[in-house]
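One structure is given below, encoded as structure tokens.
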Amino acid sequence: STLEIRADNQSQTGEQFIAEGNAEAERVNDFLKADTITYETTSQDLTASGNVKYFNQEISIYSRNATYNAKGLGEINFSKAKYYKSDKSASGNAEEIFIKKNKVALI
């Protein structure tokens, strides 16, 4: 799906696109917000840092950092995160949270 990135300040150096200040990355089924989002145009990998917030229909996640590996696994990884299930069936802290094909794994 199409990825839209917005921020207060945007710059690009070669293949690296940097969005800083109220940075947002949005696709059809999910939304990511952070202080800084770095997107590699060739690999389509994304890194978010600082006050990371992620939302989809099933879960909300809050962490310091997140990474998205587009070509390898198509997986989003959050470290030392808090999570809240949208149906209020679970919440808590996790060392690692992985989302792949809209499936959530907590570690």
Could you tell me which GluC sites (Glu not before Pro) in the range 1-44 are loop residues by DSSP with no more than 11 other beta carbons within 10 angstrom of their beta carbon? Glu15
Restrict the search to the chain; then list the trypsin sites (Lys or Arg not before Pro) that DSSP places in a loop and that have at most 11 other Cβ atoms within 10 Å of their Cβ. Lys71, Lys88, Lys101
Which residues does a label at Glu26 reach in the range 42-78, if reach means a backbone N under 16 Å from a point 7 Å past the Cα toward the Cβ? 53-57
Counting only residues 5 or more apart in sequence or on a different chain, those whose built amide H sits under 5 Å from that of Asp45 are Glu40, Ala70
Would you pull out the residues with amide H under 5 Å of Glu75's amide H, same chain only if 5 or more places away, H placed 1.01 Å from N? Asn69
q = 0.15, 0.16, 0.17, 0.21 Å⁻¹: log10 I(q)/I(0) that the Debye formula gives for the chain, counting C-alpha atoms only: -0.58, -0.66, -0.74, -1.12
How many percent of the accessible area of the chain is carbon or sulfur, using a 1.4 Å probe? 45 percent
Rg/Rh for the range 35-75: what does it come to with C-alpha atoms and Rh from Kirkwood? 1.00
Surface per residue (accessible, 1.4 Å probe) for the chain, Å²: 61 Å²
Roughly how many debye, to the nearest 20, is the charge dipole of the chain about its Cα centre, given +1 on each Lys and Arg Cβ, -1 on each Asp and Glu Cβ, and no other charges? 440 debye
DSSP bridge pairs, the chain: antiparallel proportion in percent, nearest 5: 100 percent
List the relative contact order of the chain as a percent without decimals, with contacts defined as Cα pairs under 8 Å and 6+ residues apart. 15 percent
Between the alpha carbon centres of the range 49-107 and the range 30-47 the gap in Å comes to 14 Å
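The values are calculated or read from the model by the stated rules, or taken from the named source; none is laboratory data. Everything quoted here is computed from the prediction, not taken from an experiment. Every residue, glycine among them, receives a Cβ derived from its backbone with ideal geometry; neighbour counts consider all protein chains shown. Note: areas computed on protein heavy atoms with side chains; ligands, DNA, RNA excluded. Shrake-Rupley method; radii C 1.70, N 1.55, O 1.52, S 1.80 Å.
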